[in-house]
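**Student:** Sharing a structure here in structure tokens format.
The values are calculated or read from the model by the stated rules, or taken from the named source; none is laboratory data. Because the structure is predicted, anything quoted here is derived from the model rather than measured. For neighbour counting, all protein chains shown are included, and Cβ atoms are generated from backbone atoms with ideal geometry for every residue, glycine included. Side chains included, ligands, DNA and RNA excluded: accessible areas come from the protein's heavy atoms. Shrake-Rupley method; radii C 1.70, N 1.55, O 1.52, S 1.80 Å.
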Amino acid sequence: MNKPFKIKDRIRSFRYAGRGIRSFLTKEHNAWIHCCFVVLVTAAGFFFQITKGEWIAIIFCFGLVLAAEGFNTAIERLVNLVSPHKHPLAGDVKDIAAGAVLICAIAAAIIGTIIFIPYIFNP
């Protein structure tokens, strides 16, 4: 059943998304940790005056890691809802989602290292 396009419905969907971001950022401790790194890396970017291309890579990494953490949080909450009791498969699903976040965070850290090492050692 396709509903017709309505601006009011699109605005409402943005409100729901904003509510989800607010919930994610206020309730998830790992999101706080990622946001601390966002602040630190942003400060370093301004301090070292990184290039536009480097900013693009850094901002992409911020978005990738935060989105991965958001997906992980959504998956964990859904698994907790549908499987309130411990189940090995539910645990595997949650571990895999958390592992995906770790992969993104490691890739972001490597990209950050590649960008910032030359600034640190060749001032």
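**Student:** In contact with a helix residue (DSSP H, G or I) (Cβ under 8 Å, 6 or more places away or on another chain), at pLDDT below 95, open to solvent by 50 Å² or more (accessible area, probe 1.4 Å) and over 20 Å from CYS104 (Cα atoms): does that describe LYS3?
**Tutor:** Working: in contact with a helix residue (DSSP H, G or I) (Cβ under 8 Å, 6 or more places away or on another chain): yes; at pLDDT below 95: yes; open to solvent by 50 Å² or more (accessible area, probe 1.4 Å): yes; over 20 Å from CYS104 (Cα atoms): yes.
Yes: the conditions hold for LYS3.
**Student:** Pairs only if they're at least six apart or on different chains, beta carbon under 8 angstrom, first in region 47-62 and among the charged types (D, E, K, R), second open to solvent by less than 100 Å² (accessible area, probe 1.4 Å); list them, first residue then second.
**Tutor:** Correct list of pairs: GLU54/GLY45; GLU54/ILE115.
**Student:** While we're on this one: Which of the residues spanning region 1-44 are of a type in the set (Val, Ile, Thr) and touching a Gly at 6+ places or on another chain (Cβ under 9 Å)?
**Tutor:** Taking region 1-44 and keeping what is of a type in the set (Val, Ile, Thr), we get 7, 11, 21, 26, 33, 38-39, 41-42.
Result: ILE21, VAL41.
Here is a yes/no grid of residues against (1) closer than 17 Å to HIS29 by Cα; (2) open to solvent by less than 40 Å² (accessible area, probe 1.4 Å); (3) assigned to a loop (DSSP other than H, G, I, E, B):
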residue: ILE50; (1), (2), (3): no, yes, yes
residue: ASN72; (1), (2), (3): yes, yes, no
residue: ALA97; (1), (2), (3): yes, yes, no
residue: LEU102; (1), (2), (3): yes, no, no
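**Student:** Can you tell me which residue among GLY63, GLY53 is within 13 Å of ALA105 (Cα to Cα) and either over 11 Å from the mean Cα position of the chain (by Cα) or of a type outside the set (Lys, Arg) (or both)? I'd like the intermediate steps shown before the answer.
**Tutor:** Values: GLY53 fails: within 13 Å of ALA105 (Cα to Cα).
Just one listed residue meets the conditions, GLY63.
**Student:** Tell me, please, whether a residue that is among the small types (Gly, Ala, Ser), farther than 30 Å from ALA90 by Cα, at pLDDT 95 or above and surrounded by 15 or more Cβ atoms within 10 Å (Cβ to Cβ) can be found in region 59-69.
**Tutor:** Keep residues of region 59-69 that are among the small types (Gly, Ala, Ser), which gives 63, 67-68.
Filter once more, so that each one left must be farther than 30 Å from ALA90 by Cα: none.
Scanning region 59-69, I find no residue that is among the small types (Gly, Ala, Ser), farther than 30 Å from ALA90 by Cα, at pLDDT 95 or above and surrounded by 15 or more Cβ atoms within 10 Å (Cβ to Cβ), so the answer is no.
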